[in-house]
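> One structure is given below, represented as structure tokens, and several questions about it will come after.
The values are calculated or read from the model by the stated rules, or taken from the named source; none is laboratory data. Model, not experiment: these values are computed from the prediction. Glycine also receives a Cβ, built like all others from the backbone with ideal geometry; neighbour counts cover every protein chain displayed.
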Amino acid sequence: MHEARVLVVDDSAAMRALFSDLLDQTRNVRVVGTAASAAEARDQIAALRPNVLTLDVEMPGMSGIEFLAEVMEEAPMPVVMLSSLTQSGTETSLKAYELGAVECFPKPLRATPEQFAKTVGKLGKIVLAAANSNVRDRRPVREPRGAQAQFTWNGHYAAFSASMGGIDALGAVLAEWPAQCPPTVIVLQTEPELAHTFIARLDSQLRCAVRAASDGAPMTPGHVYIASDPDRHVVFEAGSPARLRLVEREPVDGARPSATLLFGTMARAGLPAVGAVLTGMGEDGARGLKLMRDAGCDTLAQDPASATVAEAPAAALASGGAARAVPLDELDRAVLDCCNIA
């Protein structure tokens, strides 16, 4: 893992100073410069050669979103966007992901000094992961497959986990999910407000129904449930139909909700299932996926080379939890094939 050389771009002098000071306290993260506008940032990028930007959404002149589009078009590099968590803020964050941002992070505008320090400490880890991420030219739009492949559910349940880079990856995987898709549950580590907007957008765009995971939700065909509540885990409960349960307990493998806990409960349920770990930080999901594999379930990991952040899928492969690695643009079909009677 190499050092993060950060350029902090924000029109507020106070925010530049605060973020710079706190990011410099993160191991292997060094702020090499600051900029108050897109014009200043261009000069600083050329002079300082940072390997990651933190970029404010709202700036005078060219906005952060406009500058992000320019950066990703001309010289792609890891960009962490800083934005509010208002409705318009979360919509803007989704736009930033579409343009190629590695992550979107909420500005702690109303935090106590202690909360602010904790929040920016988390940002330091994200910035370091961003500096070591796989940022490439924007993924070419996949050619339409034509007529949708015939899908008839064979009784297998589907489960995914994702964190950093996960919104982009999940959007790609679920784009052709059939109307009567396998019952699907996803652990997504992101801000709850952003998850809410993402869920609403998917529900309006996909053939199937997409909902926030809720206690007692029935795992029936045609439904995708996304769990992102940082206060509760999601677990799988066998039954007719099988259901999801939300439980309060300490984080597992440093995560809540935890993919390892979800996958582990699916393994214990003794029902046919397929699990997949997508792009993300840390090792959450690896131990749980191994339990699924040992129980006879199908297990996959996103090919680390195709992941925005390779840590989580690489851990799933290294643990023996994932039976094989699958490139992002083939993951949807790989999972559906496990769940299809045809």
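> Please count how many residues of segment 306-340 are without any contact (Cβ under 8 Å) to a residue 24 or more places away in the chain and acidic (D, E).
Of the residues in segment 306-340, 2 are without any contact (Cβ under 8 Å) to a residue 24 or more places away in the chain and acidic (D, E).
> Against the condition at pLDDT 70 or above and not assigned by TED's automatic domain parsing to the domain that holds F105, how does G166 come out, does it pass?
yes
> When residues of segment 289-313 are filtered for being outside any helix (DSSP H, G or I) and under 17 Å from A131 (Cβ atoms), how many remain?
4
> For segment 219-246, give me the residue count where each residue is over 20 Å from V335 (Cβ atoms) and part of a strand (DSSP E or B).
Total meeting the criteria: 6.
> Moving to a separate point now. Being assigned to a loop (DSSP other than H, G, I, E, B) and either within 30 Å of A305 (Cβ to Cβ) or without any contact (Cβ under 8 Å) to a residue 40 or more places away in the chain (or both) is the requirement here; does R249 meet it?
yes
> In addition: Would a scan of segment 32-55 turn up a residue that is assigned to a loop (DSSP other than H, G, I, E, B), under 20 Å from P106 (Cα atoms) and modelled with pLDDT under 90?
Within segment 32-55, not a single residue is assigned to a loop (DSSP other than H, G, I, E, B), under 20 Å from P106 (Cα atoms) and modelled with pLDDT under 90.
> Here are some conditions: (1) surrounded by fewer than 22 Cβ atoms within 10 Å (Cβ to Cβ); (2) more than 25 Å from T26 (Cβ to Cβ); (3) of a type outside the set (K, R); (4) modelled with pLDDT under 90. A175 meets all but one. Which one does it not meet?
That leaves (4) as the condition not met.
> Then there's this: Identify, by number, the condition in (1) within 27 Å of M77 (Cβ to Cβ); (2) modelled with pLDDT of 95 or more; (3) not in a strand (DSSP E or B) that G282 doesn't meet.
All conditions are met except number (2).
> What residue, of T197, T260, T190, is in a helix (DSSP H, G or I), at pLDDT below 95 and either in the same structural domain as P304 (by TED's automatic domain parsing) or over 21 Å from the mean Cα position of the chain (by Cα) (or both)?
After ruling out the rest, the residue left standing is T197.
> Which of the following residues is surrounded by 15 or more Cβ atoms within 10 Å (Cβ to Cβ) and at pLDDT below 95: A276, A255?
The unique qualifying residue is A255.
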